[in-house]
Ligand code: FE
């Protein structure tokens, strides 16, 4: 079936007149994803930062931009849920795959996969938008768990970071739906 098109004779654009559904979450628009405001980049390891975009405890997912300014193996993890990634700058790969995700690439990571995130030596800065469902379980090469992250651990870490930089822990609510 074709998508209905408004007739060309409409005099002016018309907004939707009806109320939005009860219980709907508020919309969100972040104008400056790659902001130069360093307070919005939470350090997560030496030379690695996370810029929160959307933290959704109800849906069990979060979106953030990962910024990495070092090369080599970053960490190894197993996913319980789907992940979508869009590379904004630089390049990275997983030791388990033969591809390299470069600026402009889209990556889908299926639930259940374990992989080892690596930045090549010739890449001085990597920026990637990750949309992560469920958890990352950090593991050793044999799959033994060494820790985990999910939307709840991320929220706690952003809260601590925003408190530390003077924005206040509740600043994290700007990113929550
Ligand atoms: Fe992953």
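Things to note:
- Residue in the range 26-37 that is surrounded by 15 or more Cβ atoms within 10 Å (Cβ to Cβ) and either over 25 Å from residue 152 (Cα atoms) or touching a helix residue (DSSP H, G or I) at 6+ places or on another chain (Cβ under 6 Å) (or both) present: no
- Those residues of the range 76-95 which are within 11 Å of the ligand (Cβ to nearest atom), in a strand (DSSP E or B) and surrounded by fewer than 17 Cβ atoms within 10 Å (Cβ to Cβ), in sequence order: 84
- Test: residue 127 is more than 15 Å from the ligand (Cβ to nearest atom), modelled with pLDDT of 95 or more, within 20 Å of residue 62 (Cβ to Cβ) and under 14 Å from the mean Cα position of the chain (by Cα): yes
- Tally, over the range 136-159, of residues that are more than 12 Å from residue 57 (Cα to Cα) and in contact with a strand residue (DSSP E or B) (Cβ under 9 Å, 6 or more places away or on another chain): 14
- Inter-residue pairs, beta-carbon under 6 Å, first farther than 16 Å from residue 113 by Cβ and in the range 126-143, second in a strand (DSSP E or B) and within 11 Å of the ligand (Cβ to nearest atom), 6+ apart: 126/92; 128/66; 128/85
- Selection of the range 30-75 for residues being touching a residue at least 40 places away in the same chain (Cβ under 8 Å) and within 15 Å of the ligand (Cβ to nearest atom) yields 44, 50, 61, 62, 63, 64, 65, 66, 68, 73, 74, 75.
Conditions tested, residue by residue: (1) more than 22 Å from residue 160 (Cβ to Cβ); (2) over 17 Å from the mean Cα position of the chain (by Cα).
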site	(1), (2)
43	no, no
46	no, yes
49	no, no
62	no, no
87	yes, no
91	yes, no
98	yes, yes
103	yes, no
108	yes, no
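- Any chance residue 132 is surrounded by 12 or more Cβ atoms within 10 Å (Cβ to Cβ), away from the ligand (no atom under 14 Å from the Cβ) and under 15 Å from the mean Cα position of the chain (by Cα): no
The values are calculated or read from the model by the stated rules, or taken from the named source; none is laboratory data. None of the values given here were measured: they were computed from a predicted structure. Cβ coordinates were reconstructed from backbone atoms using ideal geometry, including for glycine residues, and neighbour counts include every protein chain displayed.
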